[in-house]
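J.: Below: one structure in structure tokens.
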Amino acid sequence: MKRFIYALIILPVIWMGCAGNISDDDNYDAQFKEALLLLEKEKYISAQDILNRLAIRASHTELGDDIQYYLAESFFLNDEFHLAIAEYNELVRKMGFSPLVEDARWRICECYVYLSPRYYLDQISSEKAIDKLQEFIEDFPNSDHKDEVNDTVHNMRNKLAQKALETGILYIKLGAYDSAIITFEHMLGDYYDTEYVSDAHLGIIRSYSAMQKKDDAEKYYHSFKHNFSEDADLEANNILSNLKSE
């Protein structure tokens, strides 16, 4: 009799457990669809609440990588780029098998590009963007984003070059001509393929001119004039002419 009563107690528990699992799976799917609808309606915070819960409870299911990706998307679309990066990285780190990894890696690149500030501010995010973009195209050389990667890296490098150029110009204004020359030389070494190359060469000639180092200015011009734009070449010759007449 005791065994019979025990069986009556255990069987409903087992049945409830099985039914609960089926119900949970259905519930996860319904909640995920609800979160996607909220994203479409740009209700990102509400979507985040649902997706955060699902990321904890349903990461082991077939929806796991989709949930993680769209959790990251909910932050990305809400311009919360640092949080988005963390969630995309979570997908890449834990779910390397997922077909969404490439998309997540690209979104990480986009996040750093969006975080890149104006040239006169700290450029850590710009440098990080370049690193991530280069890593992305190395890992996904046939990506549809290939041209965009090249264009974006070029734009980021231009920004870094502009910051270095303005630092050199500031040194000239302060009368620290040797420091200006060093800064321009470093800029030319690091960002030789940017649109600020001629300006940096001119900065070096101006610095030599300000120090009355005519021979150094002329020698530098003749060594690098092939890198000067037409306008920069004209300006350099004006500087040298004024230096000779003094």
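J.: Grab the other residues whose beta carbon is less than 13 angstrom from that of GLY168, score K and R as +1, D and E as -1, and report the net.
T.: Value of the local net charge: -2.
J.: Rounded to the nearest 20 Debye, what is the dipole magnitude of the stretch 29-115 about its Cα centre when Lys and Arg each give +1 and Asp and Glu each give -1 at the C-beta?
T.: In debye, rounded to 20, the stretch 29-115 gives about 220.
J.: Enumerate by residue number the chymotrypsin sites (Phe, Trp or Tyr not before Pro) in the stretch 30-102 meeting two conditions: DSSP loop (anything except H, G, I, E, B), and at most 10 other Cβ atoms within 10 Å of the site's Cβ.
T.: Here the sparse-neighbourhood loop sites are PHE97.
J.: Over the chain, what number does the Rg to Rh ratio reach, with both radii from the alpha-carbon atoms and Rh per Kirkwood?
T.: 1.31
J.: Using 0.36 nm per residue of separation minus the Cα-Cα distance, give me the extension gain between LYS173 and LYS219 in nm, one decimal.
T.: Once the chain is fully extended between LYS173 and LYS219, it gains 14.2 nm.
J.: Using the Karplus curve 6.51 cos²θ - 1.76 cosθ + 1.60 with θ = phi - 60°, what ³J(HN,Hα) values do you get for each residue of the stretch 100-117, in whole Hz, with x for Gly and Pro?
T.: 8, 4, 4, 4, 5, 4, 5, 4, 4, 4, 4, 4, 5, 5, 5, 7, 5, x
J.: Which value, in debye to the nearest 20, gives the size of the charge dipole of the chain about its Cα centre, when Lys and Arg are +1 and Asp and Glu are -1 at the Cβ?
T.: 860
J.: Also, quick follow-up: Compute, for the stretch 49-94, the length of the dipole vector about the Cα centre, with Cβ point charges of +1 (Lys, Arg) and -1 (Asp, Glu) only. Units Debye, rounded to 20.
T.: In total the dipole reaches around 220 debye.
J.: Next question. Can you compute 3J(HN,Hα) from phi for each residue in the stretch 133-148, using the Karplus curve 6.51 cos²θ - 1.76 cosθ + 1.60 with θ = phi - 60°, rounded to whole Hz and x for Gly and Pro?
T.: Working through the residues one at a time gives 5, 5, 5, 4, 6, 5, 7, 10, x, 9, 4, 5, 8, 4, 5, 5 Hz.
J.: Enumerate the whole-percent occupancy of each 5 Å bin, from 0 to the last occupied one, for all C-alpha pair distances of the stretch 29-115.
T.: Percent of pairs per bin, in order: 3, 17, 28, 25, 20, 6, 1.
J.: Okay, next question. Expected output is a single nm value to one decimal: the length gained when fully extending between LYS41 and GLU138, i.e. 0.36 nm times separation in residues minus the C-alpha distance. What is it?
T.: Length gained between LYS41 and GLU138: 31.4 nm.
J.: Here is a further query. Could you calculate the contour length gain from ILE124 to TYR192, that is, 0.36 nm times the residue separation minus the distance between their Cα atoms, to one decimal place in nm?
T.: Full-extension gain reported as 22.5 nm.
J.: Pick from SER223, SER46, SER209 the residue whose mean-square fluctuation is largest in a GNM of the chain, springs joining Cα atoms under 10 Å.
T.: SER223
J.: Checking the table LYS43/LYS163; LYS128/LYS173; LYS132/LYS163; LYS128/LYS213 against a 28 Å threshold on Cα-Cα, which pairs fail?
T.: Flagged as over cut-off: LYS43/LYS163; LYS128/LYS173; LYS128/LYS213.
J.: Could I ask something else about it? At 222 nm, what helix-only mean residue ellipticity would the chain give, in deg cm²/dmol to the nearest 500, using -39500 (n - 2.57) for each DSSP H run of four or more?
T.: Theoretical 222 nm ellipticity from helices: -26500 deg cm²/dmol.
Computed from the coordinates by the stated procedures, all read-outs in this text should not be read as laboratory data. Just so you know, these numbers come straight off a predicted model, no measurement behind them. Cβ sites come from the backbone with ideal geometry, for glycine too, and all protein chains shown count toward neighbours.
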